[in-house]
Amino acid sequence: MNDNPRPGWKSLVGVLAAGAVFGTATSLANAVAHLSVDLESREAATSGWSIIEIVSVLLDSGWAWAGLAVLAGFLATRAKQSGLGARTLARGAVAGVVTLLAATAAYYAVDTVIHDVPLGSYGHDTVYWWAASVLLGPILGAIGSCATRPGVIGVLAKVTVPVGAAVQMVAIPPGRNEVIMTIGQWVVWTAAAMTIGVVAVRFLGLQGQRNYPREVDLP
């Protein structure tokens, strides 16, 4: 039996790739959104919006980055059938950290190219968010490793990101004007409600199957 708490190399490559793709996509979306609007215009400040700007504010939200780490924890441990043990949680925790480190590195590397600034210009920002990744990544990755578990633990793990996203839309509304803020909020609230609803229906359905087993046909 392999007692190493680290994800296997295939899982490690997967979470690294997921982080790099996410970080790159977020940086590119921000750049395109910035180029698509005249920030000095009155319309931009009051009502202007575009689809790419909505994508940008959603990708660059804290809940999305947290969701990346949760997803990494899930991907790194979904094939494990040994139960929710300490090593499974550890694998998820490592995956959560690794994917956030990769996403942060990719994000600022692409920003360096896009803005044509010297290498190391975002060094302070990179180190700051790497530190945050090391602090929060293990928790988020461990939550992801719980998502495949049955019962209440699995339900809570599955709804962590949608609930967090819905709360963030209230506490920290996205966007530079009221229109973008409103669209972003309703997109997230709708997706969160649908996700929570699906999780709840599936959980209740499984509970019903356990409480009322199928009758056996008599000869």
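Observations, loosely collected:
- Solvent exposure ordering (accessible area, 1.4 Å, most first) of Arg91, Arg202: Arg202, Arg91
- Split the accessible area of the range 137-204 by element, probe 1.4 Å, and carbon with sulfur accounts for 79%.
- Accessible surface for the range 89-214, divided over its residues, is 57 Å² per residue with a 1.4 Å probe.
- Kirkwood-based Rg to Rh ratio, the range 91-151, C-alpha trace: 1.16
The values are calculated or read from the model by the stated rules, or taken from the named source; none is laboratory data. Bear in mind the structure is a predicted one, so any value in this text is a computation, not a measurement. Each accessible area value is taken on the protein alone, full model and side chains, heavy atoms only, with ligands, DNA and RNA left out. Shrake-Rupley method; radii C 1.70, N 1.55, O 1.52, S 1.80 Å.
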